[in-house]
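The values are calculated or read from the model by the stated rules, or taken from the named source; none is laboratory data. For clarity, every value in this text was computed on a predicted model and none was experimentally measured. Cβ placement follows ideal geometry from the backbone for every residue including glycine, while neighbour counts extend to all protein chains displayed. Surface accessibility is based on the protein's heavy atoms, side chains included, excluding ligands, DNA and RNA. Shrake-Rupley method; radii C 1.70, N 1.55, O 1.52, S 1.80 Å.
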Amino acid sequence: MSIRTATALAHPNIAFIKYWGNRDHDLRIPVNGSFSMNLAGLFAETQVFFREELQQDQLILNRNKIRGAGLTRISHILDEVRRKANLQLYAEVSSKNNFPTGAGIASSAAAFAALALAASKAAGLDLDERALSILARHGSGSACRSIPSGFTEWTDGKTDEDSYSFSIAPPEHWDLVDCVAIISSGHKGIGSTQGHRLAETSPLQKARISDAPRRIEICRKAILERDFETFASIVEKDSDLMHAVMMTSNPALFYWKPATLHVMESVRAWRAKGLPVFYTIDAGPNVHVITLKEKMNEVKRKLENLEGVQKILTAGVGGAARILE
Ligand code: PMV
């Protein structure tokens with residue numbers, strides 16, 4: 001019998017055009033397309049082992065045994081893999097991140113991308129990038145963007161089969177760096193799975209969605225042409241729009257802390273003085289400050305001096321999810 005184990009590595013990603021709200025919550029088909037880049041140096045490493053002797057799936061996350069909702073979410077992906085591979089075995093899944101959870105970096109994106117790849121490989125399936133991206137999406141929407149390499153686009157799609165990510169440019173296309181200003185590493189109150197369900201309760205969500213194709217065109221062109229100024233303003237606009245929706249949903253989601261706003265204002269002021277830098281913020285208080293690699297040390301120093309910033313994590317543009325031999 002073949003060895004039913006595999007280990008995969010995947011990077012988290014930071015979205016430039018954000019995913020917020022689903023057309024189909026179960027399948028995680030988004031209401032709008034999005035863009036991101038993978039974060040090099042940060043990763044989730046996941047081993048999947050299908051074994052005869054198991055009575056149920058098991059999950060070890062950063063050396064802790066996980067039960068309940070966390071395990072159910074993993075089993076959901078394993079069930080899909082078992083169905084595709086016609087396999088009846090339960091699996092032992094062990095996963096670790098080399099970056100802190102709750103640091104404003106979506107650990108679920110890296111985790112589900114690594115899980116999709118490791119589980120399908122361990123089950124003997126040979127899925128192409130598109131099929132892997134769709135499988136990862138079923139675990140966490142943004143995970144589909146961590147499958148392909150570098151700068152990736154996720155098409156919204158109308159059906160399960162046409163909502164997936166692909167690379168629009170490799171990591172070496174543009175030497176960008178994400179300096180993540182950690183303001184609080186406390187766990188967020190309302191996570192993104194629930195947040196996506198609340199998006200439609202905001203009267204601003206319709207406007208955000210209807211303008212998305214325009215922002216997507218501008219963002220794609222700016223990335224491909226390495227047009228930093230245009231890129232900076234469209235990415236900040238898109239992040240602000242998502243947070244406007246969050247703040248006006250019911251219940252309202254306020255992720256920003258006073259220090260978040262302080263970083264945002266400082267970044268805008270630095271850019272006005274000629275420094276290539278902009279911000280984008282996910283579902284938490286920490287600020288992703290994007291700059292060119294050659295300016296990384298300067299930006300890092302400036303961020304370190306801001307009140308309320310606890311520490312800075314840095315990451316360049318990362319590659320695709322991959323199997324570790
Ligand atoms: O993939 P999820 O369900 O964790 O949602 C991610 C949502 C944001 O990080 C806020 C935006 C995005 O596009 O990554």
Study note, to complete from the structure: By residue number, the members of the range 120-140 that are more than 16 Å from the ligand (Cβ to nearest atom) and of a type in the set (A, V, I, L, M) are A122, A123, L125, L127, A131
Check your understanding: For the range 112-204, list the strands (runs of 3 or more DSSP E) that sit wholly inside it and hold at least 3 residues that are open to solvent by 10 Å² or more (accessible area, probe 1.4 Å); which are they?
Key -> 165-169
Check your understanding: Do we find that E80 is farther than 28 Å from I190 by Cβ, assigned by TED's automatic domain parsing to the domain that holds W20 and open to solvent by 20 Å² or more (accessible area, probe 1.4 Å) in this structure?
Key -> no
Practice item. Residue by residue through the range 59-89, note down the ones that are modelled with pLDDT of 95 or more, out of contact with any Leu (no Cβ under 8 Å at 6 or more places or on another chain) and assigned to a strand (DSSP E or B). Key: I60
